[in-house]
1. With the requirement that a residue be of a type outside the set (K, R), surrounded by fewer than 23 Cβ atoms within 10 Å (Cβ to Cβ) and farther than 18 Å from I427 by Cα, what does the range 378-390 give you?
2. Could you say whether any residue in the range 108-115 is of a type outside the set (K, R), in a strand (DSSP E or B) and touching a residue at least 12 places away in the same chain (Cβ under 8 Å)?
3. Just to be sure I understand the filter: pairs with C-beta atoms under 9 Å, separated by 6 or more residues or on different chains, first member in the range 260-276 and in the same structural domain as S249 (by TED's automatic domain parsing), second member assigned to a helix (DSSP H, G or I) and among the hydroxyl-bearing types (S, T, Y). Which pairs pass?
4. Quick check on I427: is it aliphatic (A, V, I, L, M) and in contact with a His (Cβ under 8 Å, 6 or more places away or on another chain)?
5. Please find, within the range 110-132, the residue that is farthest from L91 (Cα to Cα) out of those that are β-branched (V, I, T) and in contact with a Lys or Arg (Cβ under 6 Å, 6 or more places away or on another chain).
6. Residues to consider are F218, F243, F235; find the one that is of a type outside the set (A, V, I, L, M) and at pLDDT 80 or above.
7. Out of the range 60-84, which residues are under 20 Å from N129 (Cβ atoms) and either at pLDDT below 60 or not assigned by TED's automatic domain parsing to the domain that holds L99 (or both)?
Amino acid sequence: MKTQLKIALFLIATNIMMLLLFGGSIYYFLYNYSYADFYKRLETRATIAAKYNFDADKVTAESFKTIREEHLEKLTEEKEYLYQIEQNSDLKEVAKKSLLPLHFIRDIIANAKSTLQINDTFYTGIRYNNNEKLYIVVVSAKNYYASHHLLFMRNIIFIAIVLIILITTYLSLFFSKHIFDPIKNITRRVKQISTENIHLRIEENNEDDEISQLISTFNDLLNRLETAFETQKNFISNASHEFGTPLTSIMGEAEVMLMKERSPEEYQQSLTSILGQAERLNQITQTLLYLAQTGYTNKRVHFEILRTDELIWQTKEMIDKLNPKNNIQIDFSLLPENPKKLKVMGNKQLLYLAFTNILNNACKYSNNKPVQVTIASSDNQVFLAFKDQGIGIPASEMPFIYDPFFRASNTRNFEGYGIGLPLTRNIIKIHNGHLQVSSVVEKGTTVQIKLPLAVIQ
């Protein structure tokens with residue numbers, strides 16, 4: 001059963017139950033009230049009849065007679081039964097003569113009053129004592145209100161319930177359809193979307209409701225999926241190219257050397273070339289591995305308390321060994337007095353790799369011009385800025401700098417794979433930090449990093 005129909009049936013069933021409960025309650029209370037009120041009216045008439053017929057005070061009797069005639073309406077088929085009960089009276093004879101049930105008469109004598117209903121006729125009897133004499137007075141009448149008005153009320157309630165059920169059924173089906181139509185449209189649109197046309201989107205409206213939020217969320221998901229698919233395609237394409245170049249060189253070099261006998265010097269030269277290409281291939285593999293690993297934020301990484309200034313110094317020492325011509329300058333003017341404001345929770349190997357990538361690129365693309373490193377902090381963050389005087393990045397290409405294997409158009413004369421910056425950004429994300437790049441062609445590039453301070457007890 002479809003959800004739309006389930007909701008419609010639920011609404012219909014709920015309304016029917018509420019209507020039946022409401023209508024039944026009204027009828028029940030009216031029914032009980034009409035019967036109780038009618039018995040009370042009969043009791044009043046019985047009391048007046050007793051006083052009128054048996055009171056010794058004639059003035060009082062006449063007063064009750066006047067009240068009865070002037071103020072009490074005649075009930076339908078109203079009758080009075082008045083009997084004196086002697087000590088030796090046979091109650092069976094009284095019951096036979098009055099055509100009243102024996103138990104009713106006994107109940108009146110025992111309890112001072114009693115009520116009885118036979119078909120549509122209602123009886124109220126009272127025990128009356130006067131001048132040491134015992135009487136029973138019974139007044140009977142038909143309850144016209146109960147037999148006619150209540151029947152009319154019952155029919156009205158029944159008709160109202162039927163009409164309301166019909167209206168409720170129509171409205172429930174109408175509104176359930178109205179509610180689920182947008183979901184059906186979403187489902188129909190989603191079925192049209194596949195990997196071949198993942199650019200398609202669900203049309204959004206300007207309403208601020210749950211359906212609009214669902215559409216917006218799903219479109220955002222499609223945007224992320226499309227980006228992921230495109231990134232994956234580009235990654236595979238570029239990775240194949242980057243792997244293919246050194247592999248082709250290795251295979252070509254080996255084939256050339258195997259064509260004929262070579263001298264030891266030629267073999268050594270060829271093996272050196274093959275080793276260089278293999279090292280390049282290994283470097284690409286290791287970098288891609290790091291890039292893939294850091295792409296998952298849920299990957300378990302060992303964190304410890306680290307001082308960012310010490311990491312920067314260690315990075316500079318390593319670059320000094322590999323590139324003695326570098327001109328890295330570390331600015332200490334903004335260092336905080338409290339060393340705790342330089343400490344972060346991080347993975348030493350990953351942060352070291354990130355800082356190395358930034359400084360290597362700064363030195364490489366600036367031809368060893370001065371590279372300034374600034375370290376500062378606030379109450380909750382550490383700020384690192386790496387500023388070079390290199391070739392810069394064209395403004396039109398800035399949106400693509402985090403795409404794996406992307407290289408700016410002005411970097412053709414420099415070696416590289418286009419992996420360092422995406423890898424660095426992933427590392428900073430893992431550390432709950434933020435990386436920002438700004439650049440001007442022929443003036444240089446600035447990389448800014450913000451890392452949260454470590455909470456030290």
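1. Answer for the range 378-390, where residues must be of a type outside the set (K, R), surrounded by fewer than 23 Cβ atoms within 10 Å (Cβ to Cβ) and farther than 18 Å from I427 by Cα: S378, D379, N380, Q389.
2. Of all residues in the range 108-115, those of a type outside the set (K, R) come to 108-112, 114-115.
When the remaining residues are screened for being in a strand (DSSP E or B), the result is 114-115.
Within this subset, residues satisfying the condition of being touching a residue at least 12 places away in the same chain (Cβ under 8 Å) are 115.
Checked the range 108-115: at least one residue is of a type outside the set (K, R), in a strand (DSSP E or B) and touching a residue at least 12 places away in the same chain (Cβ under 8 Å).
3. Within 9 Å, the pairs are R262/S270; S273/S249; I274/S249; G276/S249.
4. Spelling it out, it is not the case that I427 is aliphatic (A, V, I, L, M) and in contact with a His (Cβ under 8 Å, 6 or more places away or on another chain).
5. T121
6. Residue meeting the stated conditions: F218.
7. Result: T60, A61, F64.
Yes/no matrix, rows are residues, columns are (1) in contact with a Ser or Thr (Cβ under 9 Å, 6 or more places away or on another chain); (2) of a type in the set (V, I, T); (3) more than 21 Å from V441 (Cβ to Cβ):
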position	(1), (2), (3)
N380	no, no, yes
I391	yes, yes, no
D403	yes, no, no
F406	no, no, no
N413	no, no, no
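The values are calculated or read from the model by the stated rules, or taken from the named source; none is laboratory data. Keep in mind that this is a model prediction, so the values were computed, not measured. Using ideal geometry, Cβ is built from the backbone for each residue, glycine included, and neighbour counts are taken over all protein chains shown.
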